[in-house]
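Step one of this worksheet: look at the structure below.
The values are calculated or read from the model by the stated rules, or taken from the named source; none is laboratory data. Just so we're clear, the structure is a prediction, and the values are computed from it rather than from any experiment. Quick reminder, even Gly has a Cβ in these numbers, built from the backbone with ideal geometry, and neighbours come from all protein chains shown.
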There are 2 protein chains.
Amino acid sequence: MNIPQSSFPRIVVIGGGFAGLTLAKNLANKEAQIVLLDKHNYHTFQPLLYQVSTGGLEPDSIAYPLRKILKAHKHSYFRLADVSYIDTDEKIIHSDIGELTYDYLVIATGSTTNFFGNKNMEENSMVMKTIPQALNLRSLLLENFEDALLTPDLNERDALMNFVIVGGGPTGVELAGALAEIKNSVLPEDYPDLDIRRMQINLIQSGDQLLDAMSDQASEKAEKFLKKMGVSIYKNVRVNDYDGKHVTTNSDLSFESVTLIWTAGVKGASIKGIDAADVLTKSSRIKVDQYNQVLGYPRVFAIGDIAAMTTEDFPHGHPMMAQPAIQQGKHLSKNIIRLLKGKEMKPFDYFDKGSMATVGRNKAVVDLHRIRFQGVFAWFVWMFIHLWSLIGFRNRLVVFVNWVYNYIKFDTEVRLIIRPYKRNSHKKHTEKEAEIAIDK
Amino acid sequence: MNIPQSSFPRIVVIGGGFAGLTLAKNLANKEAQIVLLDKHNYHTFQPLLYQVSTGGLEPDSIAYPLRKILKAHKHSYFRLADVSYIDTDEKIIHSDIGELTYDYLVIATGSTTNFFGNKNMEENSMVMKTIPQALNLRSLLLENFEDALLTPDLNERDALMNFVIVGGGPTGVELAGALAEIKNSVLPEDYPDLDIRRMQINLIQSGDQLLDAMSDQASEKAEKFLKKMGVSIYKNVRVNDYDGKHVTTNSDLSFESVTLIWTAGVKGASIKGIDAADVLTKSSRIKVDQYNQVLGYPRVFAIGDIAAMTTEDFPHGHPMMAQPAIQQGKHLSKNIIRLLKGKEMKPFDYFDKGSMATVGRNKAVVDLHRIRFQGVFAWFVWMFIHLWSLIGFRNRLVVFVNWVYNYIKFDTEVRLIIRPYKRNSHKKHTEKEAEIAIDK
């Protein structure tokens with residue numbers, strides 16, 4: 001990978017998400033060489049991906065170039081690399097751009113969608129974990145309405161306007177809310193020839209409440225908000241199968257829909273070489289001790305979604321969310337500095353700052369340490385915290401401009417099909433042809 | 001296409017660029033049914049594409065949804081359609097979404113890149129006429145530097161950092177200037193391990209001056225600006241061939257480069273059914289009379305880049321730029337209203353407002369009707385006019401925020417590889433696989 005040798009120990013971090021990036025930033029300018037590897041050249045602010053999918057934000061305003069973050073750091077390197085295998089005996093990382101040795105390795109690869117082995121679901125449903133995926137959903141959503149205009153078949157038209165969201169966690173709730181908002185404001189004006197009232201937004205939750213990681217108060221209020229906005233909520237229902245058209249569940253309930261969005265499960269994005277059965281949990285997370293050390297692998301750490309640190313409060317590991325990732329990244333950076341100085345490491349202690357979700361305009365739910373509130377004020381708190389958490393002044397300003405504009409105008413302007421999704425996925429041809437077809 | 005029948009005559013407009021959009025807007029709420037067809041669901045503000053390619057602007061801020069423009073118009077319809085053939089005898093348009101009859105047809109399909117029959121050039125060079133193309137160039141540019149870091153072969157590294165721009169018109173000049181700016185500010189900080197001084201920007205012009213449609217004063221000043229910024233300019237040179245690596249010219253001059261950007265020619269984006277040899281000019285533009293009527297085809301008009309109206313001042317038709325397109329769109333809308341009222345149409349008269357190009361920070365050249373100026377003031381005029389010409393308040397605001405930010409920080413932040421270009425084009429696999437590979 002053409003990284004120069006240094007007299008400092010080399011710490012390789014795989015993944016520039018919340019965990020890996022926080023760690024790399026906190027180890028900047030210390031007596032260590034930092035090499036950050038990621039498949040993308042940017043950090044993605046995942047909590048706002050749903051706004052990209054629904055045309056409320058441009059993708060570029062929730063992404064931030066990783067090189068820009070590292071550029072002021074001495075002894076820090078970034079490489080755009082897809083890691084294929086880790087040889088922990090020789091301490092070598094294998095990737096699509098070559099090999100690299102490490103003194104310490106930090107795995108921060110995050111999580112990926114979990115289809116629990118359902119191949120049909122994996123093949124036919126949309127997911128929303130990366131920016132290209134969010135853009136695919138944006139394209140599909142808009143292409144559906146273009147197609148709905150054209151078909152004389154009323155059942156097909158309904159299926160094109162029927163959106164099934166599986167999973168009642170924050171992503172599912174926020175996406176359902178955003179779809180309901182464009183149903184009520186943007187779409188009837190954009191498609192005056194369609195009866196947009198027939199558009200359905202179905203939210204399917206396997207458990208008996210939405211946002212099950214939050215308080216009862218929050219989940220009840222979120223449900224009330226969504227219902228008022230026209231979202232159909234089905235609880236205690238599991239989706240069994242989906243062939244791209246027909247959704248079947250474990251009950252009598254079934255749907256005809258060309259768009260199923262799967263937000264019902266995540267698993268650790270595990271990595272070859274550190275994936276022995278005894279190292280991984282059932283959801284492919286890497287088992288770590290209270291110092292984020294991977295059990296049985298000296299000099300290897302894991303942080304963020306990929307790490308499962310079991311504690312009394314969290315018998316299955318911390319929630320796979322931004323807060324634990326950021327806190328583990330910060331904590332491990334301190335522990336590594338201690339380690340390099342020959343001092344003893346300190347155990348990680350998670351401080352639950354609370355959680356929040358937004359449903360729509362003036363509608364959010366917030367659980368703080370002891371305080372819980374919902375509605376307008378919660379919505380402003382949600383916006384403020386998300387703006388503040390974005391990386392980069394430009395991104396904050398552009399997101400702020402969009403939000404103010406959308407709020408005043410009841411409008412989301414970036415409803416653009418830049419790269420068509422549907423037209424491509426139906427055609428079987430080489431990618432080069434696809435590029436040309438898209439770019440004409 | 002599922003357009004309702006109306007008692008008004010149906011005017012079909014193909015293309016939502018400057019010409020087609022201006023026409024459609026000016027025919028809004030008149031006694032005519034307007035159907036606007038476009039391959040994209042948005043209007044592209046082409047003059048700023050080069051800033052998307054060089055990471056200065058997000059693509060979404062120079063695109064505007066066509067449906068949003070038409071939504072307040074009575075009797076106006078938009079369809080996302082790729083027109084394949086026009087049957088002028090039966091007055092039927094054939095497209096990928098079906099057929100449509102017309103009473104009047106307005107062709108505003110614009111222009112496409114002209115490689116003058118050179119297949120190698122077409123296959124191996126980058127172009128910048130659409131947003132996906134501009135994004136491909138942005139990805140390639142950044143991927144080149146990532147690759148340059150990795151290769152131990154110094155010649156290959158130089159070839160990765162050698163950019164050859166063919167064509168010294170506004171697009172070539174503006175792109176060369178933008179590349180020179182990121183060479184001087186962003187890239188040395190992003191890639192401290194590379195010797196960015198070895199990056200070359202070569203601008204090749206077949207004629208004996210740059211910006212040959214502008215005044216001598218403007219072209220000389222633009223050349224001086226570019227040279228000062230480190231761009232190598234070759235005049236009176238024609239590129240003969242390019243195999244993706246080696247650029248040969250009609251002189252001794254040759255280049256080793258993996259990135260050749262072709263801005264040296266445009267031709268009319270002609271359409272089957274109206275492409276008889278006697279209707280088209282040598283550069284595939286459709287010959288029209290002074291009312292923008294296509295010669296020999298009653299009830300068919302052409303406006304903008306695709307239309308070649310020969311006048312005393314413009315023996316080969318008006319320049320293929322925004323101004324003639326906008327003026328023809330506006331003028332034809334008035335003529336169509338006259339026509340519908342049984343009045344006589346008026347001939348088109350082009351008013352040359354002048355032209356301008358920007359080279360970089362504080363450096364632009366402006367030719368107005370009689371006044372010519374260059375430098376800082378010209379640059380502010382250029383910015384003001386481009387901001388003002390953008391469609392939509394949100395777009396103007398976001399572009400303004402980006403420009404102020406870039407100006408203060410000497411930085412362009414959207415250097416993101418959202419959809420890799422290079423990695424894909426090397427692999428031969430089906431598009432579905434490509435989607436998955438990209439979206440992982």
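Against the test of being among the basic types (K, R), without any contact (Cβ under 8 Å) to a residue 24 or more places away in the chain and within 14 Å of chain A (Cβ to nearest Cβ), the options B:K39, B:K71 yield a single qualifying residue, B:K71.
Within segment B:11-23, not a single residue is surrounded by fewer than 23 Cβ atoms within 10 Å (Cβ to Cβ) and at pLDDT 95 or above.
Criterion first (crowded, with 17+ Cβ neighbours inside 10 Å, at pLDDT below 95 and within 14 Å of chain B (Cβ to nearest Cβ)) does A:L149 satisfy it? So A:L149 fits the description; yes.
Across segment B:237-283, the qualifying residues are those that are free of Cβ contacts under 8 Å to residues at least 40 places away in the same chain and within 17 Å of B:P319 (Cα to Cα), and the one among them that is surrounded by the fewest Cβ atoms within 10 Å (Cβ to Cβ) is B:K282. Taking A:F393 as the residue in question, decide whether it is over 23 Å from the mean Cα position of the chain (by Cα), at pLDDT below 90 and not basic (K, R). So A:F393 does not fit the description; no. The selection criterion, being within 22 Å of B:N144 (Cα to Cα) and surrounded by fewer than 23 Cβ atoms within 10 Å (Cβ to Cβ), holds for B:G230.
Of the residues making up segment B:286-307, those that are surrounded by fewer than 24 Cβ atoms within 10 Å (Cβ to Cβ) and either in a loop (DSSP other than H, G, I, E, B) or free of Cβ contacts under 8 Å to residues at least 40 places away in the same chain (or both) number 10.
When segment B:190-210 is filtered for residues that are touching a helix residue (DSSP H, G or I) at 6+ places or on another chain (Cβ under 8 Å) and not basic (K, R), the ones remaining, listed by number, are B:D190, B:Y191, B:D193, B:L194, B:I196, B:M199, B:Q200, B:I201, B:L203, B:Q205, B:Q209, B:L210. Taking the listed residues B:E223, B:E256, the one that is under 23 Å from B:S355 (Cβ atoms), more than 21 Å from the chain's Cα centre (by Cα) and among the acidic types (D, E) is B:E223, with no other qualifying. Screening B:D87, B:D60 for residues that are within 9 Å of chain A (Cβ to nearest Cβ) and charged (D, E, K, R) leaves exactly one candidate, B:D60. Against the conditions (1) more than 17 Å from B:T22 (Cβ to Cβ); (2) in contact with a Gly (Cβ under 9 Å, 6 or more places away or on another chain); (3) not in a strand (DSSP E or B), B:P324 satisfies every one except (1). Considering each residue of segment B:65-83 in turn, none proves to be buried (at least 22 other Cβ atoms within 10 Å of the Cβ), under 22 Å from B:Y104 (Cα atoms) and of a type in the set (D, E). Among the residues of segment B:28-41, some residue qualifies, meaning at least one is modelled with pLDDT under 95 and in contact with a Ser or Thr (Cβ under 7 Å, 6 or more places away or on another chain).
Output the residue which, of all residues in segment A:396-420 that are more than 7 Å from every other protein chain (Cβ to nearest Cβ), modelled with pLDDT under 90 and assigned to a loop (DSSP other than H, G, I, E, B), is nearest to A:R67 (Cα to Cα). The qualifying residue nearest to A:R67 (Cα to Cα) is A:T412. When segment B:308-355 is limited to residues that are aliphatic (A, V, I, L, M) and under 26 Å from B:T171 (Cα atoms), the one that is surrounded by the most Cβ atoms within 10 Å (Cβ to Cβ) turns out to be B:A325.
Flag: B:L295 matches the condition of being on the phi < 0 side of the Ramachandran plot, modelled with pLDDT under 95 and not hydroxyl-bearing (S, T, Y). When segment A:231-285 is filtered for residues that are more than 25 Å from A:E143 (Cα to Cα), assigned to a loop (DSSP other than H, G, I, E, B) and of a type in the set (K, R), the ones remaining, listed by number, are A:K235, A:R238, A:K272, A:K282, A:R285. As a summary of the residue check, B:Q217 satisfies the conditions (1) within 14 Å of chain A (Cβ to nearest Cβ); (2) of a type outside the set (D, E, K, R); (3) part of a helix (DSSP H, G or I); (4) out of contact with any helix residue (DSSP H, G or I) (no Cβ under 9 Å at 6 or more places or on another chain) except for the one numbered (1). Can you pull out every residue in segment A:92-111 that is surrounded by 19 or more Cβ atoms within 10 Å (Cβ to Cβ) and out of contact with any helix residue (DSSP H, G or I) (no Cβ under 8 Å at 6 or more places or on another chain)? Those that are surrounded by 19 or more Cβ atoms within 10 Å (Cβ to Cβ) and out of contact with any helix residue (DSSP H, G or I) (no Cβ under 8 Å at 6 or more places or on another chain): A:I93, A:S95, A:L100, A:Y102, A:L105.
The test for being within 12 Å of another protein chain (Cβ to nearest Cβ), of a type outside the set (D, E, K, R), in a helix (DSSP H, G or I) and crowded, with 24+ Cβ neighbours inside 10 Å does not hold for A:S139.
Residues of segment A:173-206 that are among the small types (G, A, S) and under 20 Å from A:Q374 (Cβ atoms): A:A176, A:G177, A:A178, A:A180. Of all the numbered requirements in (1) away from every other protein chain (no Cβ under 13 Å); (2) more than 28 Å from A:I326 (Cα to Cα); (3) not polar (S, T, N, Q), A:D103 misses one, and that requirement is (2).
Selection within segment B:356-381: residues that are surrounded by fewer than 20 Cβ atoms within 10 Å (Cβ to Cβ) and of a type in the set (A, V, I, L, M, F, W, C). The member of this set that is farthest from the other protein chains (Cβ to nearest Cβ) is B:I371.
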